[in-house]
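Report on the structure given below.
The values are calculated or read from the model by the stated rules, or taken from the named source; none is laboratory data. Note that the coordinates shown come from a computational prediction; the quantities given were computed from them, not determined experimentally. With ideal geometry, Cβ positions are generated from the backbone for all residues, glycine too; neighbour counts draw on all protein chains shown.
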Amino acid sequence: MNSPWYIGDPSPSKDESLVYAHGTIMVISWMLLASTGILFARYGRHLRISGRRKLLGDTIWFQLHRFILCMVTVATLLGFFLILIKEKGQWVSVAKDGGHIFAHSVLGAIIVCCALLQAWLALFRCNTDSSFRQIFNWLHRSMGYLAFFLSIPTIFLIVTESKVLPMQQDGLIAILSLWSAWIVIVVILFEIVEYRDRLNSKMGIYRVAQNELMDQTTSLRRKMDHNDGANIRSLNEVKLFLFLLHIIVAISLTIPLVVIIWRQN
């Protein structure tokens with residue numbers, strides 16, 4: 001096999017830096033950055049940091065989501081161009097490179113297209129009161145989820161190809177398996193917190209209605225408001241903890257994966 005993908009081929013003069021750089025950029029982009037940006041958009045809309053909901057004139061979740069996902073788009077394009085340069089502009093084939101690598105390239109191309117479309121949609125995002133806003137939200141959310149969930153099998157396909165990453169393959173598979181499991185776990189944890197948040201919101205609406213119908217004392221109202229505020233702060237702290245925990249776990253799994261990639265050959 002003479003394909004640039006087969007970095008395990010014995011060739012003294014072979015420089016695989018572009019292949020390693022491609023893998024490194026894509027792993028960091030989709031395991032660390034993309035997952036964090038998507039979680040902020042999904043679960044961080046009411047997030048407060050030091051009692052503040054806004055950062056530089058806009059909500060914290062939106063600023064973080066936009067900044068992180070912009071980095072993902074740029075990094076994804078960079079990683080795509082690196083492997084394109086390595087392949088000298090030629091697309092891989094099943095006959096030459098094998099089914100895993102061909103499937104990896106197809107899924108990767110879909111992810112790149114989704115990233116570009118996301119950037120285009122963001123540039124032409126309609127106003128919140130526009131009649132097309134629901135269409136934008138649906139497209140934006142669908143393509144984001146599609147790209148992220150495709151990134152997991154895309155990485156799996158390449159690490160399970162022994163001719164591409166021949167060294168410490170069991171470690172690579174173990175890391176990705178832990179990563180996949182963690183994504184499921186952190187989403188479940190966030191959903192539980194969101195459920196509690198929705199319950200508190202409903203209780204708050206019910207209490208407001210009660211206040212309007214009943215002649216309650218000022219002290220009782222203050223006590224209820226204090227309890228509501230304490231619950232909101234508690235849930236906010238739990239969310240901050242989960243975001244921090246996710247970033248730590250993502251970094252902890254990304255670093256050894258990158259190290260193994262660069263230790264091939």
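Residue-wise test of (1) exposed (fewer than 11 other Cβ atoms within 10 Å of the Cβ); (2) more than 29 Å from residue 157 (Cα to Cα); (3) in contact (Cβ under 8 Å) with a residue 40 or more places away in the chain.
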| position | (1), (2), (3) |
| --- | --- |
| 114 | no, no, no |
| 118 | no, no, yes |
| 123 | yes, yes, no |
| 138 | yes, no, no |
- Considering (1) polar (S, T, N, Q); (2) over 26 Å from residue 18 (Cβ atoms); (3) in a helix (DSSP H, G or I), say which one residue 76 fails and leave the rest. (2)
- Query: Which number in (1) surrounded by fewer than 18 Cβ atoms within 10 Å (Cβ to Cβ); (2) at positive phi marks the one condition that residue 134 misses?
  - Reply: (2)
- Query: Condition test on residue 20, is it modelled with pLDDT of 85 or more, closer than 24 Å to residue 245 by Cα and of a type in the set (Phe, Trp, Tyr)?
  - Reply: no
- Message: Would you confirm, using the coordinates I've provided, whether residue 199 is modelled with pLDDT under 90 and among the aliphatic types (A, V, I, L, M)?
- Response: yes
- Among the residues of region 120-134, write down those that are in contact with a helix residue (DSSP H, G or I) (Cβ under 9 Å, 6 or more places away or on another chain) and in a loop (DSSP other than H, G, I, E, B). 124, 125, 126, 127, 130
- Could you figure out which of (1) buried (at least 17 other Cβ atoms within 10 Å of the Cβ); (2) in a helix (DSSP H, G or I) isn't true of residue 47? (2)
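Yes/no per residue for (1) more than 20 Å from residue 79 (Cα to Cα); (2) in a helix (DSSP H, G or I):
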| site | (1), (2) |
| --- | --- |
| 140 | yes, yes |
| 144 | no, yes |
| 148 | no, yes |
| 151 | no, yes |
| 154 | no, yes |
| 167 | yes, no |
| 170 | yes, yes |
| 184 | yes, yes |
| 193 | yes, yes |
- Task: Go through (1) crowded, with 16+ Cβ neighbours inside 10 Å; (2) modelled with pLDDT under 95 and name the single condition residue 162 misses.
- Result: (1)
